[in-house]
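Below: the structure, in structure tokens.
The values are calculated or read from the model by the stated rules, or taken from the named source; none is laboratory data. Quantities reported herein were computed from a predicted structural model and do not represent experimental measurements. All Cβ positions, even for glycine, are placed from backbone atoms using ideal geometry, and neighbour counts span all protein chains on display. The accessibility values were calculated without ligands, DNA or RNA, using every heavy atom of the protein model including side chains. Shrake-Rupley method; radii C 1.70, N 1.55, O 1.52, S 1.80 Å.
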Amino acid sequence: MSEQIKRLIVQLEQVLLGKPEHIKLAVTCILARGHLLIEDLPGMGKTSLSQAIAQSLGFSYQRIQFTSDLLPADILGVTIFDKHQGQFAFHPGPIFRQMVLADEINRASPKTQSALLEAMAEHQITVDGSTYPLPTPFFVIATQNPIEQSGTFPLPESQLDRFLMRISIGYPSIDAEMAMLKGEGLSNYRDTLPQCLSPAELLKLQEQVDKISVSDTLLNYLLSLVETSRQQNEGYGLSPRASKALLQAAKAWALIQGRSYLIPEDVQAVFTPVAQHRMRSSSQGQGQAICSRILSEVNPIQ
């Protein structure tokens with residue numbers, strides 16, 4: 001692991017206590033140029049984690065609170081006639097930041113949710129026939145409440161597929177919660193959290209991810225997992241886009257582990273976060289169960 005990545009992970013672990021694996025997965029998602037979906041109950045640290053990541057990376061940051069009356073224009077921006085200039089002028093919305101937190105994304109209507117599709121896939125938006133590029137790098141971290149809670153609109157499969165990973169933070173351990181209650185860690189990080197990486201340094205690390213070597217044996221193992229997902233009778237099989245996402249996430253995980261090559265454990269570490277929401281959108285628990293069964297059925301030594 002490079003000193004830059006290590007410093008970033010250590011700092012984030014002081015904000016979200018007792019969740020080292022979840023923090024590594026979040027960092028993996030960013031190194032792989034992916035968007036992150038965090039599904040959990042309110043008060044688990046979802047927003048704190050996203051704010052800490054943005055500060056640690058020196059990103060411009062915007063939190064958008066998704067509500068039932070939120071409109072696409074509230075996210076993307078609007079074109080307004082300027083009477084002084086005698087022409088229409090575009091006023092950018094809050095999405096024009098390097099990191100956007102879509103907070104409680106499944107409380108907004110499907111029409112508003114879909115406003116993020118082009119931005120997440122192509123890093124640009126189109127308003128009134130004109131296309132506007134988004135900042136580089138550009139990441140979306142979305143939080144959502146469990147779909148069984150009232151007042152939620154489940155994300156459609158097309159929207160879920162735009163997220164590289166879906167994770168759930170869960171309750172902290174007793175020791176971690178005790179430390180939090182005692183004020184340990186970076187409880188006032190909004191004022192004290194230093195920047196660990198610049199956006200330019202992050203881009204260089206992402207280029208290192210692309211250079212991670214992958215053998216044909218590893219590719220066959222990855223494709224066997226994908227093919228097995230397509231043969232099971234529950235949910236949906238993984239698409240070619242999902243197989244590319246799985247490979248990129250595994251390479252980023254290998255970089256975090258300090259290796260320049262891929263091993264089966266890298267694929268296994270990221271398989272469930274990458275695959276679960278693509279195969280069974282209605283229940284996170286069902287998706288995890290399917291992923292666990294696939295991992296147990298496929299032999300990594302082909």
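The table that follows gives values for the structure above.
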read-out	value
The lone exception for P172 - which of (1) modelled with pLDDT of 95 or more; (2) open to solvent by less than 50 Å² (accessible area, probe 1.4 Å) it fails	(1)
Hey, P94 in contact (Cβ under 8 Å) with a residue 40 or more places away in the chain and not in a strand (DSSP E or B) or not	no
Candidate set from the range 271-287 (those that are modelled with pLDDT under 85 and under 18 Å from A245 (Cα atoms)); member that is most open to solvent (accessible area, probe 1.4 Å)	R280
Test for A252: is it farther than 24 Å from T47 by Cα and not acidic (D, E)	no
Where a residue in the range 200-228 is touching a residue at least 40 places away in the same chain (Cβ under 8 Å) and assigned to a loop (DSSP other than H, G, I, E, B) and its partner, wherever it lies, is surrounded by fewer than 13 Cβ atoms within 10 Å (Cβ to Cβ) and among the hydroxyl-bearing types (S, T, Y), with Cβ under 8 Å and at least six apart	K211/S260; I212/S260; I212/Y261; V214/Y261; S215/Y261
Which listed residue, of I53, I30, is open to solvent by less than 10 Å² (accessible area, probe 1.4 Å), modelled with pLDDT of 90 or more and under 14 Å from the mean Cα position of the chain (by Cα)	I53
Residue under evaluation G34, criteria (1) over 23 Å from Q144 (Cβ atoms); (2) touching a Phe, Trp or Tyr at 6+ places or on another chain (Cβ under 8 Å), criterion not met	(1)
Extreme residue, least open to solvent (accessible area, probe 1.4 Å), among residues of the range 56-79 that are touching a residue at least 60 places away in the same chain (Cβ under 8 Å) and of a type in the set (G, A, S)	S56
Leading residue by the ranking (most open to solvent (accessible area, probe 1.4 Å)) among those in the range 99-111 that are more than 20 Å from P42 (Cβ to Cβ) and in contact with a Pro (Cβ under 8 Å, 6 or more places away or on another chain)	K111
